[in-house]
Amino acid sequence: MKKIVNLILGLIIILTINSCSTKESGDLSFSNLSGVKGQGGSLARFCIAENYLYIVDNTNLHIFNISQPSKPVKVSEKNIGFGIETIFYYQNHLYIGSNSGMVICSLTDPTNPSVLSTYSHIFSCDPVVVQGNIAYITLRTGTTCARGLNQLEVIDISNKSNPQLIKTIPMSNPWGLGVDGKHLFVCEKGEDLAYLDISNPTNPILKKTFQDIFAYDLIPSNNLLITTGKEGIKQFDYSKLPDSLVLLSKIEIGK
């Protein structure tokens, strides 16, 4: 377990170097990582918030104190259900996706997250991202989600103790998704990339589908889109949406 945690911490540090807004560029080391926030994709099974690392397995949430990143200490473990798949951090809350719904946890006590509510849906694979008072969830069919649906759900989370479905949008076979300002991206079938305008956050409008992007998950931020898929890791400039995505770089993995 210790080796796994150290590997995860290494990945988080890499992500944090590129996405952290609480430290100046070039001023990041093990000695000053305390309090930073990394940014992960929607399919991630771990996230970092302040001095804590949160990892989910199929049924449990594991909490580690990483105030000393080279010496993570497990402080607690919490059962949060079954079929747990993903975790997403936003504004002192954890949004945990399972194959039967979304669990919202408060980090008022970061060592003992409290479950505020559970939003339930039909059995389906389920990543989630959040912006403002809206959560976006993709449901898809797959090898372990054969009874599922292929759709995007828009959820009102202004009352985190009582999330409400606002809208459902049919999709082909959505995987990971990401949100940045008025932009919502959804990976379709591990091949194409759907771009939706969320100028009205409660009413996403499909503007364009970019073909042959080959992404399973992604991270958008400030006109830079990082995707991961069968062709490796790619970076795109999306400042010219909805007209085009500009490929900036590509790193092949496993070849």
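Among the conditions (1) more than 16 Å from the chain's Cα centre (by Cα); (2) aliphatic (A, V, I, L, M); (3) part of a strand (DSSP E or B), Leu241 misses just one, which is (3). Among the residues of segment 65-100, those that are surrounded by fewer than 22 Cβ atoms within 10 Å (Cβ to Cβ), closer than 30 Å to Gln151 by Cβ and among the small types (Gly, Ala, Ser) comprise Gly81, Gly83, Ser100. Test Ser172 against the stated conditions and say whether it is loosely packed, with under 15 Cβ neighbours inside 10 Å, at pLDDT 95 or above and of a type in the set (Gly, Ala, Ser). Criteria not met by Ser172.
Select from segment 183-213 the residues that are under 17 Å from the mean Cα position of the chain (by Cα) and not in a strand (DSSP E or B) and list them in ascending order. Scanning segment 183-213 gives a single hit, Gly190.
Among the listed residues Leu225, Leu139, Leu184, which satisfies the condition of being closer than 21 Å to Tyr90 by Cβ, modelled with pLDDT under 95 and surrounded by 20 or more Cβ atoms within 10 Å (Cβ to Cβ)? So that I can check it myself, show each step before the final result.
Details: Leu225 fails: modelled with pLDDT under 95; Leu184 fails: modelled with pLDDT under 95.
Matching residue, one of Leu225, Leu139, Leu184: Leu139.
The condition of being surrounded by fewer than 20 Cβ atoms within 10 Å (Cβ to Cβ), in contact with a Leu (Cβ under 6 Å, 6 or more places away or on another chain), part of a strand (DSSP E or B) and among the β-branched types (Val, Ile, Thr) does not hold for Ile233.
Ile198 passes every criterion in (1) out of contact with any Lys or Arg (no Cβ under 6 Å at 6 or more places or on another chain); (2) within 17 Å of Tyr238 (Cβ to Cβ) apart from (1).
The values are calculated or read from the model by the stated rules, or taken from the named source; none is laboratory data. Here the structure is a predicted model, which is why all the values come from computation and not from measurement. Methodologically, a virtual Cβ is constructed for each residue, glycine included, from the backbone with ideal geometry; neighbour enumeration extends over all protein chains shown.
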